[in-house]
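Report on the following structure.
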Amino acid sequence: MAKLGANRVRITRARRLDGSTIDLVVSAGRIVHIEPTRGRGDGDLDADGRVVVPGLWDEHVHLGLWAASRRRLDLATASSAAEAAALIARAADVAPRGEILVATGLREGLWQAPPTAALMDAAAGNVPVMAVSLDVHSSWCSSALATRLGIDLGPDGMLREAAHFSAQLRVEAEADERVRDSWVREAIDAAAARGVVGIVDLEFDDAVAAWSHRAAPPLHVEAGVYPHALDRAIARGDHTGRAVGPNVEVGPLKIITDGSLGTRTAYCHAPYPGTADRGVLEVPPALLETLLVRGRDAGFSPAIHAIGDAAVEAVLDVVLRLGLHGRLEHAQLVTQADVARLARAGLIASLQPAHLVDDLVLLERYWPGRDTDAYRLRSLLDAGVRVVFGSDAPVSPLDPWRSIAAAVRRGAPDATPFGVDEAIDVATAISCSARSSIELGEPADLVLLDDDIERTRLETMPVYATLVGGDPVHGPV
Ligand SMILES: [Zn+2]
């Protein structure tokens, strides 16, 4: 794709969300001039009346996993262990010898009968298999994989939370780095084609190290650090905002305090129905405080994963005590009392509205009677909480239009909306997905849409062009 040139670009006849049509000039990566259109489509890029919105960010991505999952066996359609096993058996038959077969999208939380190690082994034979759950907090594994890694599996063949994460890191480390980097580039280009100008990459492995050897991406990347890599990161001189290379900087310190809804490990005040189990607080308050203080002293801004209401409460206790700023990731179940505390703490709520579409059955089954507190959005904004959107890809696809659509519609297009009081309008949803606005002096991170917002199904909104700092990264130029 030819570059317009970073120096000076004129965009003509672009329509703003308020209906006004403008010509704008971009120079050195910023918007330096805006005027009502003169009506001549003689710009370097003529929008011809298309809607212009600020460039979209995906604030929570596991990019390497997402890039790989676009290439891997997807089990999301399997509605039982037997169906998943049949898909795995077919793939295991043709799997290259010696390689680990990694599948994605496992949704065993929805199955009537739980998975078993025997069923997995019958499907896998002697092929090492790791079938990762859609929420990436667990996996269903074959005995051949357990033998290869020297780990133990339970009778259901499942690994959950810490045991899963450490096994997954080792499995991912076996993949060829050059192949993986080419997948990452494909995923980035696909994101640009959806209007994405930046991502926060929360890859579980060392994302900063990965990005320091990759070619410069065409989009902004903020690469997060996890506690297991914090020593290494500090030794490298990492801190939030440190430039790693062109378009890449160090992102937040990501700390996962509890599990997930799909794996029934999100840490909640009430037990999961029919059990005495309230989920898992992986990082209790004392450890959280130690990690946050270490991160703060090294210059890291935290991004703290908390899904269940008890995890959110525990995080807020510590954050309010320390007076830290940063982000709360997911916040899928938040009590009324903690909405006010979240606002007072000044934490940004980093939400994934598209999960709502996938989680409706899980919400009914595992968080019954909690509709008011689950998947809050409008009530957080009304309380003064700053909200940003992400996909948590591969949990949902890296496509901000799915978040925007779910935030507006509170569910799939044809489904009954969930918690309709928590819905927001399209302009607000776009602003939760953007870091800039279309005003003088703002970064020239811009997206031209190829259809009217009111006419299109939002999740499939066609994107005509994406510009990062005035440079086209997707589109006709
Ligand atoms: Zn995540």
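The values are calculated or read from the model by the stated rules, or taken from the named source; none is laboratory data. Predicted, not measured: the structure shown is a model, and the values here were computed from it. Virtual Cβ from ideal backbone geometry, glycine too; neighbours counted across all protein chains shown. SASA here: full protein model, heavy atoms, side chains in, ligands and nucleic acids out. Shrake-Rupley method; radii C 1.70, N 1.55, O 1.52, S 1.80 Å.
What does the charge count near ALA113 come to, summing +1 for each Lys or Arg and -1 for each Asp or Glu among other residues with Cβ under 15 Å from its Cβ? The answer is -1.
Order these peptides, 162-174, 215-227, 247-259, by their mean beta-carbon neighbour count within 10 angstrom, highest first.
Packing order, densest peptide first, comes out as 247-259, 215-227, 162-174.
Stretching ASP277 away from LEU322 to a fully extended chain increases their span by 13.2 nm, per 0.36 nm per residue minus the current alpha-carbon distance. Other residues whose C-beta falls under 9 angstrom from the C-beta of ALA68 contribute a net charge of +3, scoring Lys and Arg +1 and Asp and Glu -1. Normalised by the number of residues in the chain, the mean separation of alpha-carbon contacts (under 8 Å, six or more apart) gives a relative contact order of 19 percent. From the alpha carbon centroid of segment 329-349 to that of segment 88-102 is 44 Å. Looking at segment 425-477, the GluC sites (Glu not before Pro) that sit in a DSSP loop and have at most 14 other Cβ atoms within 10 Å of their own Cβ are GLU439, GLU454. The accessible surface of segment 72-173, taken with every protein chain in place and a 1.4 Å probe, is 57 percent carbon and sulfur.
Bridge orientation summary for the chain: considering DSSP beta bridges with both residues in this region, about 50 percent are antiparallel.
Could you tell me the center-to-center distance, by alpha carbons, between segment 253-315 and segment 48-64 in angstrom? Distance between centres, Cα-based: 29 Å.
How far is helix 336-345 tilted, in degrees, relative to the longest principal axis of the Cα atoms in the chain, given as a value from 0 to 90 rounded to the nearest 10? That helix lies at roughly 60 degrees to the long axis.
Annotation for segment 5-46 versus segment 395-429: alpha-carbon center distance of 30 Å.
Is the C-alpha gyration tensor of the chain telling us rounded, prolate or oblate? Criteria: a/c under 1.5 is rounded; beyond that, a/b larger than b/c is prolate, otherwise oblate.
Prolate, because a/c is 1.5 or more and a/b exceeds b/c.
Counting Lys and Arg as +1 and Asp and Glu as -1 over every other residue whose Cβ lies under 14 Å from the Cβ of VAL248, the net charge comes to -3. With the helix formula -39500 (n - 2.57) applied to DSSP H stretches of n ≥ 4, the chain reaches a computed 222 nm mean residue ellipticity of -9000 deg cm²/dmol.
With the Cα gyration tensor of segment 72-173 giving a ≥ b ≥ c as the square roots of its eigenvalues, does the rule (a/c under 1.5 for rounded; else a/b larger than b/c for prolate; else oblate) give rounded, prolate or oblate?
Rounded.
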